[in-house]
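Visitor: Dropping the structure in here first, questions after.
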Amino acid sequence: LTEVYSSSPALGRYFRSAQVISFSNESSTVIYQLVFSVPPSTEGFIENSMNPDFIRNILRQNIYDED
């Protein structure tokens, strides 16, 4: 995750860290925390770039690009 988000053209400059919070072998579930340093209120930044769907799609696109 660190490599994916730190090299992202859209979020790389804001990305600070990724940490696994919980891991379950039984259900193959990982809960992780991403930390970003967000600029002072830039209109629309939080709503657009920090939107959970947008962040998830960056990871998804990286997975597709590797295939």
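Visitor: Using a probe radius of 1.4 Å on heavy atoms only, what accessible surface per residue do you get for the chain? Whole Å² is fine. Walk me through the numbers before you get to the answer.
Guide: Numbers: 5130 Å² over 67 residues.
So the chain comes to 77 Å² accessible per residue, rounded to a whole number.
Visitor: How far, in nm, would the chain grow between Leu59 and Arg13 when pulled straight, counting 0.36 nm per residue and subtracting the alpha carbon separation?
Guide: Numbers: separation 46, 0.36 × 46 = 16.56 nm, distance 1.59 nm.
Using 0.36 nm per residue and subtracting the Cα-Cα distance, I get 15.0 nm.
Visitor: Next up: Taking the chain as a Gaussian network, Cα atoms linked when under 10 Å apart, which of Ser22, Ser49, Ser37 shows the biggest mean-square fluctuation?
Guide: Ser22
Visitor: Let me ask something else. Whole-Hz ³J(HN,Hα) for each residue in the stretch 21-29, computed from phi via Karplus 6.51 cos²θ - 1.76 cosθ + 1.60 with θ = phi - 60°, x for glycine and proline: what do you get?
Guide: So the Karplus estimates, Gly and Pro as x, are 9, 8, 9, 10, 6, 5, 10, 6, 10 Hz.
Visitor: In addition: Of the options Ser37, Phe54, Ser24, report the single residue whose Cα projects farthest towards the positive end of the charge dipole of the stretch 1-65 (beta-carbon charges: Lys, Arg +1; Asp, Glu -1).
Guide: Among Ser37, Phe54, Ser24, the one farthest towards the positive end of the dipole of the stretch 1-65 is Ser37.
Visitor: Taking each pair of different alpha-carbon atoms in the chain once, compute 1/r for the pair, average those values, and report the inverse of that mean as the Kirkwood hydrodynamic radius in Å to one decimal. Present the calculation step by step, with values, prior to reporting the outcome.
Guide: On the way: mean 1/r = 0.0765 Å⁻¹.
When all Cα pairs of the chain are included, the Kirkwood radius is 13.1 Å.
Visitor: With labels modelled as points extended 7 Å from the Cα through the Cβ direction, what inter-label distance (nm, one decimal) is found for Gln33 paired with Glu3?
Guide: 2.5 nm
Visitor: Then there is this: Which of the GluC sites (Glu not before Pro) found in the chain are in a DSSP loop and have at most 14 neighbouring Cβ atoms, other than their own, within 10 Å? Each step should come with its number before you reach the end.
Guide: Numbers: sites: Glu3, Glu26, Glu43, Glu47, Glu66; in loops: Glu26, Glu43.
For GluC sites (Glu not before Pro) across the chain that sit outside H, G, I, E and B with at most 14 neighbouring Cβ atoms in 10 Å, the list reads Glu26, Glu43.
Visitor: What does the charge count near Val35 come to, summing +1 for each Lys or Arg and -1 for each Asp or Glu among other residues with Cβ under 14 Å from its Cβ?
Guide: On the way: positive: Arg13, Arg16; negative: none.
After counting each charged neighbour, the total is +2.
Visitor: Another question about this same structure. Ordering Tyr14, Tyr32 from largest to smallest accessible area (1.4 angstrom probe), what's the sequence?
Guide: Details: Tyr14 35, Tyr32 90 Å².
Greatest to least solvent exposure: Tyr32, Tyr14.
The values are calculated or read from the model by the stated rules, or taken from the named source; none is laboratory data. None of these values were measured; they are calculated from a predicted model. For neighbour counting, all protein chains shown are included, and Cβ atoms are generated from backbone atoms with ideal geometry for every residue, glycine included. Remember, those area values only see protein heavy atoms, side chains included, never the ligands or the DNA or RNA. Shrake-Rupley method; radii C 1.70, N 1.55, O 1.52, S 1.80 Å.
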